[in-house]
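**Student:** First, the structure itself, so that you have it in front of you.
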Amino acid sequence: MKIKWYVLYSGVLRENPVPEIWKTEDMSKYASNWFDIVEPEPEELRNFLSLFGLHPLVLDRCIGKKNSPGVISYQNEILVEVPASFDQSAADQAYLRLVLRPTAIVTIRPGPMPSLDDLIHGMIAENAPAIHHLPQIVYMILDDLADLNVRAQIEARDEITRIAKALVDNPDSISAADLTRLRQKIDILVSLTENQSYSVAGLSASDNEALIDPHQKAYLQDLVSEAEIAQRGIYRLESRLNDLNAYYQMASSDKVDKRLRMLTIISVITLPLGLIAGLLGMNVGGVPGLSNPNGFIIVVISMIALTAVELWFFKRGGWFS
């Protein structure tokens, strides 16, 4: 288990050395602390969190492996579980657990989250904007996750646009497997967007003591608005994907129709030719033209003429369009 300790003092966030053994007095040494935990082991995490005196329900949810988006509020502590990875190709999406208390924030992530690392680097940089309270850090983290959501939607939108253009220019370059993979990505993104919106809405609706400041509520309302916009955006992408599937089905049907039409033309052309060849090839007396030295040429010319008439008929009827 990896732990990083940050201290907020006079609007400045700074990294603090991590002690070899954590004690309760370490937690209360500063007024505003942030403990960032990566790849925790259950027992190690339980021992560490027990120093905070968390409510048993909050403690169990922090240690559990099940991803369940939402918010748990108890007196002066609040737990937020929110999707933090918008990788559309990932089978299991990573969730961020965030515990907010009056004097501390604890973030728990099951694995590396580069976007959160980049956000932290920006917060502790020399010219970083001032941070006035711990809930502001919560807002910045959730806002960064909202940005991840937007970027994931933009990537999905660009892929839909690319496939739509390819279907117009070269339909054979797109297969059903391509659309199935895109459908899976969109479905994952829909689920993540809805879960993120659910978590943010629950946080905004909470009457927890840590979030009673009107300015903090305004920040959360802004997050809710962003989540609602993201939801509408992903639903529009889902609708565009449905239209794309319908167009693909239409293009596929047209391709099959053209192939069947060509097979029909070939069958109709070869049927009388085969009939003529079969009649003239019978080994019986009375077959016309047997004694005529030009009989073969006459039959071949007649078959060519018949084929030309049939082709003209099909072309005039628009069968080759």
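The values are calculated or read from the model by the stated rules, or taken from the named source; none is laboratory data. The structure presented is a predicted model; accordingly, all values stated were derived computationally and were not measured. Cβ sites come from the backbone with ideal geometry, for glycine too, and all protein chains shown count toward neighbours.
**Student:** From the list Arg240, Arg232, which residue is surrounded by fewer than 12 Cβ atoms within 10 Å (Cβ to Cβ), assigned by TED's automatic domain parsing to the domain that holds Ile160 and either in contact with a strand residue (DSSP E or B) (Cβ under 7 Å, 6 or more places away or on another chain) or not hydrophobic (A, V, I, L, M, F, W, C) (or both)? Step through it out loud before you land on a result.
**Tutor:** Working: Arg240 fails: surrounded by fewer than 12 Cβ atoms within 10 Å (Cβ to Cβ).
Selected residue: Arg232, the only one of Arg240, Arg232 that is surrounded by fewer than 12 Cβ atoms within 10 Å (Cβ to Cβ), assigned by TED's automatic domain parsing to the domain that holds Ile160 and either in contact with a strand residue (DSSP E or B) (Cβ under 7 Å, 6 or more places away or on another chain) or not hydrophobic (A, V, I, L, M, F, W, C) (or both).
**Student:** Regarding Leu13, is this residue of a type in the set (A, V, I, L, M, F, W, C), farther than 30 Å from Leu237 by Cβ and surrounded by 14 or more Cβ atoms within 10 Å (Cβ to Cβ)? Walk me through how you get there before you give the answer.
**Tutor:** Details: of a type in the set (A, V, I, L, M, F, W, C): yes; farther than 30 Å from Leu237 by Cβ: yes; surrounded by 14 or more Cβ atoms within 10 Å (Cβ to Cβ): yes.
It is true that Leu13 is of a type in the set (A, V, I, L, M, F, W, C), farther than 30 Å from Leu237 by Cβ and surrounded by 14 or more Cβ atoms within 10 Å (Cβ to Cβ).
**Student:** Does Gly317 count as under 60 Å from the mean Cα position of the chain (by Cα) and at pLDDT below 85? Step through it out loud before you land on a result.
**Tutor:** On the way: under 60 Å from the mean Cα position of the chain (by Cα): yes; at pLDDT below 85: yes.
Against the criterion (under 60 Å from the mean Cα position of the chain (by Cα) and at pLDDT below 85), Gly317 qualifies.
**Student:** Does Asp117 count as touching a residue at least 12 places away in the same chain (Cβ under 8 Å), surrounded by fewer than 19 Cβ atoms within 10 Å (Cβ to Cβ), more than 20 Å from Ser206 (Cα to Cα) and not aliphatic (A, V, I, L, M)? So that I can check it myself, show each step before the final result.
**Tutor:** Working: touching a residue at least 12 places away in the same chain (Cβ under 8 Å): no; surrounded by fewer than 19 Cβ atoms within 10 Å (Cβ to Cβ): yes; more than 20 Å from Ser206 (Cα to Cα): yes; not aliphatic (A, V, I, L, M): yes.
Judged against the criteria, Asp117 is not a match.
**Student:** Tell me the residue from Ile188, Ile141 that is in a helix (DSSP H, G or I), surrounded by 18 or more Cβ atoms within 10 Å (Cβ to Cβ) and modelled with pLDDT of 90 or more, please. Working first, answer last.
**Tutor:** On the way: Ile188 fails: modelled with pLDDT of 90 or more.
That would be Ile141, the only listed residue that is in a helix (DSSP H, G or I), surrounded by 18 or more Cβ atoms within 10 Å (Cβ to Cβ) and modelled with pLDDT of 90 or more.
**Student:** Right, here's the next one. Can you spot a residue in segment 28-40 that is free of Cβ contacts under 8 Å to residues at least 40 places away in the same chain and hydrophobic (A, V, I, L, M, F, W, C)?
**Tutor:** Within segment 28-40, none of the residues are free of Cβ contacts under 8 Å to residues at least 40 places away in the same chain and hydrophobic (A, V, I, L, M, F, W, C).
**Student:** Taking helices (runs of 4 or more DSSP H) that do not extend beyond segment 1-64, which have at least 3 residues that are in the same structural domain as Ile105 (by TED's automatic domain parsing) and closer than 30 Å to Ala125 by Cα? Walk me through it before giving the result.
**Tutor:** Values: elements: 24-27, 42-49, 56-63.
Once the helices (runs of 4 or more DSSP H) in segment 1-64 are filtered for at least 3 residues that are in the same structural domain as Ile105 (by TED's automatic domain parsing) and closer than 30 Å to Ala125 by Cα, what remains is 24-27, 42-49.
**Student:** At positive phi and in contact with an Asp or Glu (Cβ under 9 Å, 6 or more places away or on another chain): is that true of Gly11 in this structure?
**Tutor:** Values: at positive phi: yes; in contact with an Asp or Glu (Cβ under 9 Å, 6 or more places away or on another chain): no.
For Gly11, the condition - at positive phi and in contact with an Asp or Glu (Cβ under 9 Å, 6 or more places away or on another chain) - is not met.
**Student:** Next up: Which condition does Ser10 not pass, out of (1) in contact (Cβ under 8 Å) with a residue 12 or more places away in the chain; (2) over 28 Å from Gly202 (Cβ atoms); (3) among the hydroxyl-bearing types (Ser, Thr, Tyr), if it passes all the others?
**Tutor:** In the conditions (1) in contact (Cβ under 8 Å) with a residue 12 or more places away in the chain; (2) over 28 Å from Gly202 (Cβ atoms); (3) among the hydroxyl-bearing types (Ser, Thr, Tyr), Ser10 misses (1) alone.
Okay, residues lined up against (1) among the acidic types (Asp, Glu); (2) in contact (Cβ under 8 Å) with a residue 12 or more places away in the chain:
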| position | (1), (2) |
| --- | --- |
| Arg109 | no, yes |
| His121 | no, no |
| Ala152 | no, yes |
| Asp158 | yes, no |
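**Student:** What are the pairs with Cβ atoms under 7 angstrom where one residue, in segment 247-274, is assigned by TED's automatic domain parsing to the domain that holds Met303 and the other, located anywhere, is surrounded by 13 or more Cβ atoms within 10 Å (Cβ to Cβ) and aromatic (Phe, Trp, Tyr)? Sequence gap at least six, or different chains.
**Tutor:** Arg261/Trp319; Ile265/Phe314; Ile265/Trp319
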